[in-house]
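First comes the structure, then the notes that go with it.
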Amino acid sequence: MKLARLTLFLFLGLITLGLSACGGAPPAATWPGLAADQEAAYLANGAAIYAVRLSDGKALWTFSSRSGSTFYANPAFTQDGQLLIGSAGNDYALFRLDPKASDDLRVTWTFNEARDYWLASPLVISNLVYAPNADGKLYIFDLSLPGDGAEKLLATVELGGKLWSQPVTDGERLYVAALNHQLHIVDLATYAVKTIDLGGALAGSPAIADGLLYLGSFASDIIAIRVADGSVAWTVPAKSRIWGGPLVNDGKLYLGDLDGNFYVIDVADGTVLTSFQANGAIIASPILVQNDILFVTEQGAIYSLRPGETTPVSLEKVDGRLYTTPVAVGDTVLVAPFRSESALLVALDRDGRVLWSFTPQ
Amino acid sequence: MSPWDLFVSVFVNTLLWIYSLLSDIPGAFGLAIILFTILIRIVTWPLNASQLKSAKAMQELQNDKEWLAIQKKYAKDREKLAQEQLRIYKERGINPFSSCLPMLIQLPIIFALYQSIMRSLADTPLALLELTRSIGFFLDVGALIPLDSRFLWMDLGRPEGIPLPFHISWLPNGFPTLAIIVALTTYLQTKLTTPPTANPSDQSAMMAGMMNIYLPLLLGWFAMTFPSGLAVYFITTNLLGIIQYAMMGRIHWRALLPGGARKAATSKKH
């Protein structure tokens, strides 16, 4: 009898252990989010958000919520310099944090009524916050409204699809890319929605300039859309799927694909001016550092394309994988390596020299 | 890629291939899980047959004269009874736990199926990136991703629950309909497919009795806590199990009645 009972419990225990070890209902795990102002960098890395002083890489404060939040989105800044960041934990909470306040007064507002993870960075325009959630809804807040929680909620716009990227605006409309292949165009005055199917998942934020909106898709297309009427101006086939959003600068479009091809395209007609094979998948968006175009690869390489050059130069290779879009503050470039054994955050100068690296105590 | 990842990747690609065939139908991912479960049931048929064979041997033993004689003779000496039972098992080449072995072999399949469901749903950027890399050349990633995880009233990537008008802390997802169906179908399956025994104090009968209670509770708890895609798998596999046994004429309907198992065994004995 004892043997039978023991065997039964061992069997049931094995199932429990096996399924639990296989994940259970695990908190989300993905690469960190990053933002910076003139004084500090803010790294959203799982259970904690770290504020790190820009001048020397020292920790200023660490924030963890009591509701089991996990943070991976890039924090956004409100008009008064506070941080907005949503949780990719099962609490689905969106927080506003005051970086200047003491730890016990850090949270100045919380919204708990979304139904899925916050993986997109909200877009802040004056007092208005446009926050896309993975539940397919765009939550619009007016931070000047009195009250807490949902009392600041101005509208909820049902868009559909998982919304993982920060929206962009031309001042009249909001453009929200969705994983379900759709680009949602939201009229900012009426919240009327127009949707365009682009044939592949849209994981990165679009870029907008001079009446055209640019984005890449999992269908390996680089697409330009006329914002006036939503029609496609041109489409360029890429060699592989595109994850990150593009960068527009000086009449050229810059973006990379998952096979490591980096493209420079003429925004006027979609002509590929040059392409370059990097050492690994390009998931993060390129950024502008002074006049240089900087991009990173999954293999940890940092490349810089100088004005007038056609081939990027490799600046530095950091330990870990670079999926997070770097952030530039003046000449300082911040990168957040994922699964790095040496640092969570690395600051470099424009030439790729490491200024400091940050690892939490 | 580790051997385990490779094993799970085969599951992911099969599941997605089925999904790609159904992707125009609403609830395609739920249907894909159901069809995939049927496929797994067919593939693991030899294991189930072996389980059934062992169970049948155990059932025949329960009605054997020598077996019944030692039960009577050593009714008050449990140690001696156990020794004699072991002797008979050895003599007849029966392993009392061999009916559990096929279930143990199926565990990696359950784990792989769970992981393939979770990986396919890819609810974080990293998970999606890994998914795109594990999809075979024969599938169109651009068209396939993201999967539509809605099925009936459920999001298959989240634990199921029908919202309640009030909050219960231990039911964070609402009323667990699917968990109750999982527990019920598991109970029915174990009850209907466990061979009846004339002697309820017998080791294997006791073990089966405990299994009838603990397994439905355990799987019900899984269904309540884990993504509902797994619960859809549990329900499908339970129902298929019942249908399979019924088709083979091995369902013990009387076991559902109070004391029915004993009556069935006694009537079989006479």
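Mind counting the residues in region B:47-83 that are crowded, with 17+ Cβ neighbours inside 10 Å, within 14 Å of chain A (Cβ to nearest Cβ) and more than 30 Å from the chain's Cα centre (by Cα)? Summing the residues that are crowded, with 17+ Cβ neighbours inside 10 Å, within 14 Å of chain A (Cβ to nearest Cβ) and more than 30 Å from the chain's Cα centre (by Cα) in region B:47-83 gives 2. Within region A:178-202, the set of residues being within 14 Å of chain B (Cβ to nearest Cβ) and either touching a residue at least 60 places away in the same chain (Cβ under 8 Å) or open to solvent by 10 Å² or more (accessible area, probe 1.4 Å) (or both) comprises A:N180, A:H181, A:Q182, A:D197, A:L198, A:G199.
Residue-by-condition table, conditions (1) assigned to a loop (DSSP other than H, G, I, E, B); (2) closer than 23 Å to A:T195 by Cα:
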position: A:A224; (1), (2): no, yes
position: A:D229; (1), (2): yes, yes
position: A:I242; (1), (2): yes, yes
position: A:G280; (1), (2): yes, no
position: A:F295; (1), (2): no, no
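When B:L86 is tested against (1) crowded, with 17+ Cβ neighbours inside 10 Å; (2) among the aliphatic types (A, V, I, L, M); (3) more than 9 Å from chain A (Cβ to nearest Cβ); (4) over 15 Å from B:F11 (Cα atoms), just one condition goes unmet, and that condition is (1). Elements of the type strands (runs of 3 or more DSSP E) sitting completely within region A:168-214 and holding at least 3 residues that are under 23 Å from A:Y254 (Cβ atoms): these cover A:173-177, A:207-209. When only residues in region B:92-112 that are more than 7 Å from every other protein chain (Cβ to nearest Cβ) and in contact with a Gly (Cβ under 9 Å, 6 or more places away or on another chain) count, which is modelled with the lowest pLDDT? Among them, the one singled out is B:I110.
Six or more apart or on different chains, Cβ under 8 Å: which pairs go from a residue in region A:22-36 that's more than 7 Å from chain B (Cβ to nearest Cβ) and modelled with pLDDT under 95 to one that's outside any loop (DSSP other than H, G, I, E, B) and buried (at least 17 other Cβ atoms within 10 Å of the Cβ)? Could you list them? What qualifies is A:P27/A:G46. When region A:75-94 is examined, which residues are found to be over 23 Å from A:L54 (Cα atoms) and open to solvent by 10 Å² or more (accessible area, probe 1.4 Å)? Across region A:75-94, the qualifying residues are A:N90, A:D91, A:Y92.
Scanning region A:341-361 for residues that are surrounded by fewer than 18 Cβ atoms within 10 Å (Cβ to Cβ), touching a Ser or Thr at 6+ places or on another chain (Cβ under 8 Å) and in a strand (DSSP E or B) gives a single hit, A:L355.
Matching residues to (1) out of contact with any helix residue (DSSP H, G or I) (no Cβ under 6 Å at 6 or more places or on another chain); (2) modelled with pLDDT under 70:
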position	(1), (2)
B:T197	no, yes
B:P200	yes, yes
B:S204	no, yes
B:L217	yes, no
B:T225	yes, no
B:L230	no, no
B:N238	no, no
B:R250	yes, no
B:L257	yes, yes
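The values are calculated or read from the model by the stated rules, or taken from the named source; none is laboratory data. None of the values given here were measured: they were computed from a predicted structure. We place every Cβ from the backbone using ideal geometry, glycine too, and count neighbours over all the protein chains shown. Only protein heavy atoms, including side chains, enter the accessible area calculation; ligands, DNA and RNA are left aside. Shrake-Rupley method; radii C 1.70, N 1.55, O 1.52, S 1.80 Å.
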